[in-house]
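*Asks:* Quick one: this structure, given as structure tokens, is what I'll be asking you about.
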Amino acid sequence: MAARAETASIEVVYARPERQRVVVLPLTEGLTVMEAVRASGLLEEFALDPADLPLGIHGRKVDGGRLLRAGDRVEIYRPLAADPREARRRSARPDGAGSLRGRPRSG
């Protein structure tokens, strides 16, 4: 019995705190990151603007024109709520203005 050849595939993923989606697509020759994002349907499903969308593969930021390889996991990143450096500066202020010290605990 001959083994059946498996079709190479890639994943396109997007997550919000309340909901995550993984879309598996067949890999076609010459498929780029942005083409995969568009084909996934996630732009429409989450009302995302493709104009300035941060994208990555396995945790590394990439350009939308990068060619995909079998097994790649395309990640659509959400914008940061705050600049991490600025948030650290605020929490480290000597006056404590950015820290939670001295504030009553909730709950």
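*Asks:* Out of all the residues in the range 22-60, which are outside any loop (DSSP other than H, G, I, E, B) and farther than 14 Å from Asp72 by Cβ? I'd like the intermediate steps shown before the answer.
*Replies:* Step one: of the range 22-60, the residues outside any loop (DSSP other than H, G, I, E, B) are 22-26, 32-40, 42-45, 50-52, 55-57, 60.
Correct list: Arg38, Leu42, Leu43, Glu44, Glu45, Pro50, Ala51, Asp52.
*Asks:* In this structure, does Gly98 turn out to be modelled with pLDDT under 90 and touching a Lys or Arg at 6+ places or on another chain (Cβ under 7 Å)? Step through it out loud before you land on a result.
*Replies:* Working: modelled with pLDDT under 90: yes; touching a Lys or Arg at 6+ places or on another chain (Cβ under 7 Å): yes.
Criteria met by Gly98.
*Asks:* Is it true that Arg78 is part of a helix (DSSP H, G or I), under 15 Å from Tyr14 (Cα atoms) and out of contact with any Asp or Glu (no Cβ under 7 Å at 6 or more places or on another chain)?
*Replies:* Spelling it out, it is not the case that Arg78 is part of a helix (DSSP H, G or I), under 15 Å from Tyr14 (Cα atoms) and out of contact with any Asp or Glu (no Cβ under 7 Å at 6 or more places or on another chain).
*Asks:* Regarding Val23, is this residue under 20 Å from Ala8 (Cβ atoms), crowded, with 16+ Cβ neighbours inside 10 Å and touching a residue at least 24 places away in the same chain (Cβ under 8 Å)?
*Replies:* Judged against the criteria, Val23 is not a match.
*Asks:* May I pose another question? From the list Arg89, Arg60, which residue is closer than 20 Å to Thr32 by Cα, among the charged types (D, E, K, R) and without any contact (Cβ under 8 Å) to a residue 24 or more places away in the chain? Please lay out each step first, then the result.
*Replies:* Numbers: Arg89 fails: closer than 20 Å to Thr32 by Cα.
Criteria check complete, one pass: Arg60.
*Asks:* Considering only the range 6-21, state which residues are closer than 11 Å to Asp72 by Cα, out of contact with any helix residue (DSSP H, G or I) (no Cβ under 9 Å at 6 or more places or on another chain) and hydrophobic (A, V, I, L, M, F, W, C).
*Replies:* Ala8
*Asks:* Another one. Against the definition (farther than 14 Å from Ala15 by Cα and either exposed (fewer than 14 other Cβ atoms within 10 Å of the Cβ) or in contact with a His (Cβ under 8 Å, 6 or more places away or on another chain) (or both)), how does Ala47 come out, yes or no?
*Replies:* When the stated conditions are applied, Ala47 does not pass them.
The values are calculated or read from the model by the stated rules, or taken from the named source; none is laboratory data. Just so you know, these numbers come straight off a predicted model, no measurement behind them. Every residue, glycine among them, receives a Cβ derived from its backbone with ideal geometry; neighbour counts consider all protein chains shown.
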